[in-house]
Amino acid sequence: MTNPYTPILVMMGVAALLALGGVGASAIIGPRVYSRAKLEAYECGIQPTPHAVGHGRFNIKYYLVAMTFIIFDIEVVFLYPWAVAFHDLAVFGIVAMMGFLALITVPYIYEWRRGALNWD
């Protein structure tokens, strides 16, 4: 009788071997001659300036959109197992999920009022 963790350990070993093999192969096979353009930071075709407009600050909408993605991602992660075990959780599960949804609604309303959902 084999250990039930053997297949998992074998898969982890194969994954590590492939990852390290890919890094090693790119170091051996990859080009070693770098041009000036290759070493510069990628700026979408725009020449980088020493002082960015607004001193390098991004608009708050970028961060709010990222926060929205994280909020909905976490919501799905918690709602799916709750839906699977809905019958076993009974009233406690409903109360806990309603509290969670109420807490999730707060940042959503914050973003909505800040104008992050307006794509003007």
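Per the listing Ile74, Ile70, Ile29, the residue uniquely in contact with a helix residue (DSSP H, G or I) (Cβ under 8 Å, 6 or more places away or on another chain) and modelled with pLDDT of 80 or more is Ile74. Considering each residue of the stretch 104-114 in turn, at least one proves to be of a type outside the set (D, E, K, R), out of contact with any Asp or Glu (no Cβ under 6 Å at 6 or more places or on another chain) and touching a residue at least 12 places away in the same chain (Cβ under 8 Å). Can you find a residue that is modelled with pLDDT of 85 or more, more than 30 Å from Val106 (Cα to Cα) and outside any helix (DSSP H, G or I) anywhere in the stretch 12-19? Within the stretch 12-19, not a single residue is modelled with pLDDT of 85 or more, more than 30 Å from Val106 (Cα to Cα) and outside any helix (DSSP H, G or I).
Do we have Thr49 as modelled with pLDDT under 80, out of contact with any strand residue (DSSP E or B) (no Cβ under 7 Å at 6 or more places or on another chain) and polar (S, T, N, Q) here? Answer is yes for this residue.
The values are calculated or read from the model by the stated rules, or taken from the named source; none is laboratory data. Computed from a predicted structure; not experimentally measured. A quick note on method: Cβ atoms are made from the backbone with ideal geometry, for glycine too, and the neighbour counts reach across all protein chains shown.
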